[in-house]
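Structure record follows, encoded as structure tokens.
The values are calculated or read from the model by the stated rules, or taken from the named source; none is laboratory data. Here the structure is a predicted model, which means the values were calculated and not measured. Ideal geometry is used to build each Cβ from the backbone, glycine not excepted, and the neighbour counts take in all protein chains shown. Areas reflect the complete protein model, heavy atoms only, side chains present, ligands, DNA and RNA absent. Shrake-Rupley method; radii C 1.70, N 1.55, O 1.52, S 1.80 Å.
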Amino acid sequence: MESVNVNINIAKVISLIFEPIIVLSLLVAAGTFHAGLDAQGIVLFLLFALVVMIIPIVAMRFWFVRVQGLDWDIKDRKARILPLFVLFLFIVMDVFLVSLWNNTFLNHMFSLFLAWTVGYLAITLFWKISGHTSVITLASLLVIDWYGWKLTPLFAAIAIVTWARVAGKYHTLSQAVGGIVYSTLLHEIWKSFL
């Protein structure tokens, strides 16, 4: 029994480390460095992303947890729909604001985030998949696209997060794998259009 509790505690820590907001923030940073901006442009865009994108989304999540009484992971599929719709609205605004930077790479990256959110929301209307496994999969694939195959060890993060989401009893194995499959398919479809 104690080993089960240890596994659940380890799974919780892994889930916190690989929280989608954290992973996406790091992905935006990695993408910003790959976008061809000069040093000043990188600093300005990262500050812009922090103030206009990351802080508002974190504040929204806290509002749903504190005011609406949802748990941080929003385990109930139907309860995820409204926060995902609000996230969709934020990302539509972000796509518009990013377009003002006139950087094709950043436009593509944020358009992909919008496409991911629309698809994830559509799936959530009918089935619950893991946002953690979906986000770490998309992030791993994009970083490998941008920086090369030497970063394939990132794929280990997908396996670790999958284990954590199932061991922590946040998702079934099919829900965790569903997140991986969704982001892999979206990534491959997206790449075929670029």
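A few remarks follow.
- The lone exception for residue 139 - which of (1) open to solvent by 20 Å² or more (accessible area, probe 1.4 Å); (2) closer than 18 Å to residue 33 by Cα; (3) part of a helix (DSSP H, G or I); (4) of a type outside the set (Ser, Thr, Tyr) it fails: (1)
- In the set (1) under 18 Å from residue 49 (Cα atoms); (2) crowded, with 16+ Cβ neighbours inside 10 Å; (3) in contact with a Ser or Thr (Cβ under 6 Å, 6 or more places away or on another chain), residue 98 fails one condition alone, (3).
- Selected residue (criterion: nearest to residue 27 (Cα to Cα)) from residues of the stretch 142-153 that are of a type in the set (Val, Ile, Thr) and surrounded by 14 or more Cβ atoms within 10 Å (Cβ to Cβ): 143
- Some residue of the stretch 34-43 being outside any helix (DSSP H, G or I), without any contact (Cβ under 8 Å) to a residue 60 or more places away in the chain and within 24 Å of residue 145 (Cβ to Cβ): yes
- Residue 89 being exposed (fewer than 13 other Cβ atoms within 10 Å of the Cβ) and within 17 Å of the chain's Cα centre (by Cα): yes
- Among the residues making up the stretch 70-83, those that are more than 22 Å from residue 140 (Cβ to Cβ) and either aliphatic (A, V, I, L, M) or outside any helix (DSSP H, G or I) (or both) are 70, 71, 72, 74, 75, 76, 79, 81, 82.
- Residue match in the stretch 25-32 (condition: in contact with a Leu (Cβ under 7 Å, 6 or more places away or on another chain), at pLDDT 95 or above, part of a helix (DSSP H, G or I) and β-branched (Val, Ile, Thr)): yes
- Residues located in the stretch 165-182, provided they are open to solvent by 20 Å² or more (accessible area, probe 1.4 Å) and not small (Gly, Ala, Ser): 166, 169, 170, 172, 173, 175, 177, 180, 181, 182
- Test: residue in the stretch 113-120 that is in a helix (DSSP H, G or I) and over 15 Å from the mean Cα position of the chain (by Cα): no
- Tally of residues being farther than 25 Å from residue 132 by Cβ and within 14 Å of the chain's Cα centre (by Cα) across the stretch 98-112: 0
- Of all residues making up the stretch 26-51, the number that are surrounded by fewer than 17 Cβ atoms within 10 Å (Cβ to Cβ), under 17 Å from the mean Cα position of the chain (by Cα) and under 25 Å from residue 74 (Cα atoms): 2
- Of note, residue 55 satisfies the criterion of being free of Cβ contacts under 8 Å to residues at least 40 places away in the same chain, within 19 Å of residue 135 (Cα to Cα), part of a helix (DSSP H, G or I) and β-branched (Val, Ile, Thr).
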